[in-house]
1. How much accessible area does residue 164 have with a 1.4 Å probe, in Å² rounded to the nearest 10?
2. Rounded, prolate or oblate: which fits segment 301-442, taking a ≥ b ≥ c as square roots of the Cα gyration tensor eigenvalues, rounded meaning a/c under 1.5, else prolate when a/b beats b/c?
3. If you bin the C-alpha pair distances of segment 306-363 every 5 Å from 0, what whole percents do you get?
4. Within the chain, which whole H helices from DSSP have a Cα span along their axis of at least 30 Å and a mean Kyte-Doolittle hydropathy of -1.0 or more, if any?
5. When DSSP beta bridges are limited to those with both residues in the chain, what percentage is antiparallel, rounded to the nearest 5?
6. Work out from phi, with θ = phi - 60° and the Karplus expression 6.51 cos²θ - 1.76 cosθ + 1.60, the ³J(HN,Hα) of each residue of segment 359-369, listed in order in whole Hz, and give x for Gly and Pro.
7. Can you tell me the dipole magnitude for the chain around its Cα centre, using point charges on the Cβ only (Lys, Arg +1; Asp, Glu -1), in Debye to the nearest 20?
8. Expressed as a rounded percentage, what relative contact order does segment 226-327 have, with Cα pairs under 8 Å and six or more residues apart?
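The values are calculated or read from the model by the stated rules, or taken from the named source; none is laboratory data. Please read all numbers here as calculations on a predicted model, not as lab measurements. In this analysis, Cβ positions are derived from the backbone assuming ideal geometry, glycine residues included, and neighbour counts consider all displayed protein chains. Just the protein is used for accessible areas: all its heavy atoms, side chains included, with ligands, DNA and RNA removed. Shrake-Rupley method; radii C 1.70, N 1.55, O 1.52, S 1.80 Å.
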Amino acid sequence: MSAVTSEYVNWFRHSSPYINAHRGKTFVLMLGGEAIADANFANTVHDIALLNSLGVRLVLVHGARPQAEQRLQARGVETRLHHDLRVTTPEILECVIEAVGSLRTEIEAQLSMGLANTPMHGARIRVCSGNFVTARPVGVLDGVDMGHTGELRRIDHEGVRRLLDLNQIVLLSNLGYSPTGEVFNLSVEEVATQAAIALKADKLILFGSRPGIQDSQGELRSELLASTAARLVQQYLAKLDDPEQPYSETACLLEAAATACQQGVPRCHLISYHDDGALLAELFTRDGQGTMVVSHSYEQVRPANIEDVGGILELIAPLEEKGVLVRRSRERLEAEIERFTVVERDGAIIGCAALYPFPEEAIGELACVAIDQTYRGGQRGDMLLEAIEDQAIALGLKRLFVLTTRTAHWFLERGFGNAPLDELPGEKKALYNFQRNSKVFFKRLG
């Protein structure tokens, strides 16, 4: 098998848990007009078709801001923003309707492709759009008549679900309709957010110009709590000197994600419409390619169980081969599994540690500390140590020790100190391996 083939097979095998997890789930995808205009949009359509073929129930919500702007400029129509909203006159509404109609046709055409030499071959996707969004006028806002600018009133979630049950992709736009037959210009972020909430969607996926949220060092944050996202929105808004200027794209997407999470959508994702394959990488790999916003972290520290044995063995194998950890057989690990605590990330074991108590001496051994190489550099080791220390204190232990050959400084930085071999519990001292020549470190608890 070639290296390229081996890499592909390995990726495909590791994606299978996500394929199974996503089948039958409802995803709402928000594609602004910028995403549709981007050169990568054809690839995004192919990935949407793949999701559909894998049994994902899809609602696409599209905007038309740049396309409407082009029409307005061509006609010489002046526009005005008030409180981050466009004042929609009848002439502006006409341009918005034209842009939305044109984009809807383009999206439907792209999803109808079936040429033999394209990824869409044999897809036979059905796309349905309609008057699923009910809206009302914003009205007069601080003395300014907002015209046909509207706010969302209701999503016909039952009608949308019936179409999803028929394996159709539902297409929504930033237009809403009133019982009096009027059309209103809405925010695409609002439509996508409220659609995800009303449908009780499993995911809201937001396409932006950037791959996600970066920290102060410029590193991509793969996960963000909804509370943190909401706080970041306020920081972005505080930086806007001119109240007439629109929200930044990042603030808009973060606000949508935070709102959706706070109202029941489990996970929201911010990915880039520029990056080929970003949608698939975000959904079918452990770390994704964007930023996931969640109400509660999907990475947890918990007691290990018998089902974790395989994951722990896979985690510690590289460290055993390097001599960092003492080899453990499956049988031994199964017998001692209740001693272990693990860090689980989206169903995968990425960290572990074990506590072996010596109650007569009120001492505990911290052993088999391992973090997956991909996830080192965070706080996972500290979280494991804290969990083990809490367990030891609950058992009435007064001190914790560790034997190590390669990670002495890590333990010294966390309050452990050098100790002579004689301080080990008698049972452990009798089993000490002089060939490994491990250093002994103790830490007082409480």
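1. Solvent-accessible area, nearest 10 Å²: 10 Å².
2. Here segment 301-442 falls in the rounded category.
3. Calculated over all Cα pairs of segment 306-363, the distribution is 4, 18, 27, 23, 15, 9, 3, 1 percent.
4. Qualifying helices, which must be both long enough and hydrophobic enough, are 90-111.
5. Percentage antiparallel, nearest 5: 60.
6. Result, ordered by residue: x, 5, 9, 6, 10, x, 9, 8, 9, 6, 7 Hz.
7. 1040
8. So the answer I get is 23 percent.
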